[in-house]
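Here is the structure we will look at.
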Amino acid sequence: MNPDPASRNTSARSAGTEVFLAFGTSKGDRESFVLSALDELKKGNFIIQKVSPLYETDPVDCEDGVPPFLNGVLQGVWNGSAEELLDLCQSIERRAGRPEKHNSRQSRELDLDIILFGQTIIRTERLTVPHPRAFQRSFVLVPMNDIAPDAVFPDRGKTVSALLRGLSAPGGIRPYSAKL
């Protein structure tokens, strides 16, 4: 008896860790930065399974004058450690033009954040997962809800859709016309 396709997909995915990455850009050719980042992730052996629609979002916790961001979330599989994925993300950010030392309140070419790394809670000097502010940010929760509403934040014990419903003011986010 052959297993059904869904069970084959599940076993194939279990070879690595299910990961959610948020991406954002507010500087230069935003669409090109996103497309390039997705290509670089694939070249770095990150297996992309789903990419959310894009959203244009008002800057949050940024200096005055920072232009709107283009944001989204992707779901994929990673076969290395969380720190190795962080290294890959940071190298992609640097190749896009983001300085190694940067002010997080300024405009940027590219920002890649590890939102969830399986159901693992990580608290190190270099990395905090789940991302410490993701549960409060519509620019993460809205696109993540599009691709994985039932994903659970292990530190909160709540799904993406429940966290999104709990936001007091999920404004400042608009669908963006380009599709990836």
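Every read-out reported here was derived from the displayed coordinates using simple, explicitly stated rules and does not represent laboratory data. As the structure is a prediction and not an experimental result, all values here were calculated from the model. Here the Cβ is made from the backbone with ideal geometry for all residues, glycine too, and neighbour counts use every protein chain on show.
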Task: Order by protection proxy (mean Cβ within 10 Å, highest first), peptides 145-157, 25-37 - done: 25-37, 145-157
- [ ] Mind sorting D39, D58 by how few other Cβ atoms lie within 10 Å of their own Cβ, fewest first?
- [x] D39, D58
Task: 3J(HN,Hα) from dihedral phi, the range 17-34, Karplus parametrisation 6.51/-1.76/1.60, rounded to Hz, x for glycine, proline - done: 9, 6, 10, 10, 10, 9, 10, x, 8, 9, 9, x, 7, 4, 4, 5, 4, 5
- [ ] Just the Kirkwood number for the range 5-175, please: inverse of mean 1/r across all distinct Cα pairs, in Å, one decimal.
- [x] 16.3
TODO: Determine ³J(HN,Hα), in whole Hz, for all residues of the range 81-86 in sequence, where each value follows from phi through the Karplus function 6.51 cos²θ - 1.76 cosθ + 1.60 and θ = phi - 60°; x replaces Gly and Pro.
DONE: 7, 4, 5, 5, 5, 4
